[in-house]
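Presented below is the structure to which this report refers.
The values are calculated or read from the model by the stated rules, or taken from the named source; none is laboratory data. No experiment lies behind these values; they were computed from the predicted model shown. Here the Cβ positions follow ideal geometry from the backbone for every residue, glycine too, while neighbour counts run over all protein chains shown.
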Amino acid sequence: MNDRRIRRIVIVGGGTAGWMTAAALGQALQGNCRIDLVESDRIGTIGVGEATIPPIKLFNQRLGIDENAFITATQGTFKLGIEFVDWSRKGHRYFHPFGQFGAEFDKVPLHHYWLRERTRGDATPLEDYALAWMAARAGKFMTPSKDPRQVLSTFDYAYQFDAGLYATFLRRYAEQHNVRRTEGRVTSVQLREDGFIDRVALESGEHLEGDLFIDCSGFRGLLIEGALHAGYEDWRHWLPCDRAVAVQCEHGEAFVPYTRSTAHAAGWQWRIPLQHRVGNGHVYCSHYISDDEAAATLMDHLEAPALTEPRLLRFTTGRRRRFWHRNCVAIGLSAGFLEPLESTSIHLIQSAVTRLLALFPDRDFDPYTTAEFNRLTGQEYERVRDFLILHYCANQREEPMWRHVARMDIPQPLAYKLAHFRGHGRLVAENHELFQNPNWLAVLVGQEVWPERYDPLVDLRSEVDAPQILAGLRDVIGQAVDAMPTQREYIDRYCRA
Ligand code: FAD
């Protein structure tokens, strides 16, 4: 039988996507396949992706990366969720915590009992049942317990880190796992007669040939779009923000274990505290505000002196029509971009690499393999998109951009989820969705989408003393948080080299 194995892989781009892909493929293929990565220092990287979501822990663990060494190397901090300020309306704030709300104590999910107590006058915010938020608010952090009977097992966490340092960290790892790096600019892409990519040519005159090409070249999509014209689905009618201005500043307050997102008139501002500095950015819709005004808004809202000049980034929210086309797979910004509201870009890189390994091709490139990769990846982007749209469409703000997004047509799967919640407070995320019921609950309640009724089963379970159980849960959570170290104590104790 002919040997149809992939023998050479070329990765174009050395941003977060390029080096995450290189590290994962290098480890998985163990030197049995030549892997080249080409990147251009002159072109540089986006490098502002600094906040993540919990599955990133799995990516690092699979590579065998020690968490404390990683935190040290990337000036990282821990992230227990996101605080949303002024999103539903000015003066309102809520928290999207990682993990559950309380602990399940009955067949009916906790939030239905909470909804009933609310109708009876109990004003306790839902967040008070989230250990992640109670810890975040107190600046506390420790890793969760693995014992499901402990309340300390009910939360989860992710990281905030310097994306440039993470890429450097992964580069070292990848180079130890047989990845060869070439510095240089790709100037052309040469196709075979059948339209597959044959090689990329560098400015130096060098060529890199491959069986499989991974496009990690960022927004420009040098291979997937530039050479293969895979197409792009524009989602700006749902996610209208199309620019960001980013700046780093000094610490104005202790580094807290969470990201903050503050809504402004035509967008929103992120605050991501690392150990050595704070990352800030204003994401906005250029139809409603000029670049100068957007930069001024950002600078006016910095808590401490800036460390860098403001940097402008332009983007089109949406996704590549085909993420995998012929012998080219787009990973990272070349595959699409959903704005950074829930810190999902690095996760989408991680899941694309994992999916590529699960559907690894041979040189025949079975069209079913490609189709399955595209189907699953498309579904994932659409689900994340809908979760992001929820933050926009449910708002009571008065500025033109906010009125526009409150009135726009929304995708049908999101309308379905909203209708379920508005009716009986029911949450209908499927098991394999990235954002699960507790995530939807946090944002639905946070954006003040109130159900008309709670689950009718609640009133049929008269033996459940919900007020007492809920009060008991709050006490247990409070005691657990009191006993936790502050994030700084935790990092000083475990993450100093
Ligand atoms: P890039 O960083 O653009 O890297 C592209 C690479 O391709 C570079 O190495 C470049 O040199 C190389 N290249 C390009 N053209 C050529 C050529 N001709 N020859 C050779 N090399 C070439 N993600 C998160 O998870 N969390 C966040 O909080 C977050 N915030 C973000 C905020 C904003 C405003 C933006 C725009 C993105 C954010 N992201 C975030 C996304 C995150 O920054 C990216 O997903 C991540 O950095 C991956 O980028 P990339 O590697 O695909 O592209």
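Of all residues assigned to region 1-11, at least one qualifies as being more than 18 Å from residue 168 (Cβ to Cβ), polar (S, T, N, Q), in a loop (DSSP other than H, G, I, E, B) and more than 24 Å from the chain's Cα centre (by Cα).
On the stretch given as region 405-438, residues that are β-branched (Val, Ile, Thr) and in contact (Cβ under 8 Å) with a residue 24 or more places away in the chain total 2.
If you go through region 27-54 and keep only what is buried (at least 16 other Cβ atoms within 10 Å of the Cβ), under 25 Å from the mean Cα position of the chain (by Cα) and not in a helix (DSSP H, G or I), you end up with 37, 39, 45, 46, 47, 48, 49, 50, 51, 52, 53, 54. With the condition being among the small types (Gly, Ala, Ser) and at pLDDT 95 or above, I'd like the helices (runs of 4 or more DSSP H) fully within region 105-208 carrying at least 3 qualifying residues. The helices (runs of 4 or more DSSP H) meeting that bar are 131-137. Within region 13-26, identify whether any single residue is near the ligand (Cβ under 8 Å from one of its atoms), part of a loop (DSSP other than H, G, I, E, B), closer than 30 Å to residue 491 by Cα and of a type in the set (A, V, I, L, M, F, W, C), and answer yes or no. So far as region 13-26 goes, no, none of its residues is near the ligand (Cβ under 8 Å from one of its atoms), part of a loop (DSSP other than H, G, I, E, B), closer than 30 Å to residue 491 by Cα and of a type in the set (A, V, I, L, M, F, W, C). Residues in region 348-368 include none that are closer than 25 Å to residue 448 by Cβ, touching a residue at least 24 places away in the same chain (Cβ under 8 Å) and within 13 Å of the chain's Cα centre (by Cα). From the list 335, 294, which one is buried (at least 21 other Cβ atoms within 10 Å of the Cβ), within 28 Å of residue 428 (Cα to Cα) and in contact (Cβ under 8 Å) with a residue 12 or more places away in the chain? Result of the check over 335, 294: 335.
Within the set 78, 59, 98, the sole residue that is within 30 Å of residue 467 (Cβ to Cβ) and among the hydrophobic types (A, V, I, L, M, F, W, C) turns out to be 98. Step by step: first the residues of region 169-225, then only those that are within 26 Å of the chain's Cα centre (by Cα) and of a type in the set (Gly, Ala, Ser), then the one that is surrounded by the fewest Cβ atoms within 10 Å (Cβ to Cβ). Which residue is that? That would be 218. What about residue 313, is it more than 16 Å from the ligand (Cβ to nearest atom) and surrounded by fewer than 24 Cβ atoms within 10 Å (Cβ to Cβ)? Criteria not met by residue 313. If a residue must be of a type outside the set (A, V, I, L, M) and assigned to a helix (DSSP H, G or I), how many such residues does region 60-81 contain? Matching residues across region 60-81 total 7.
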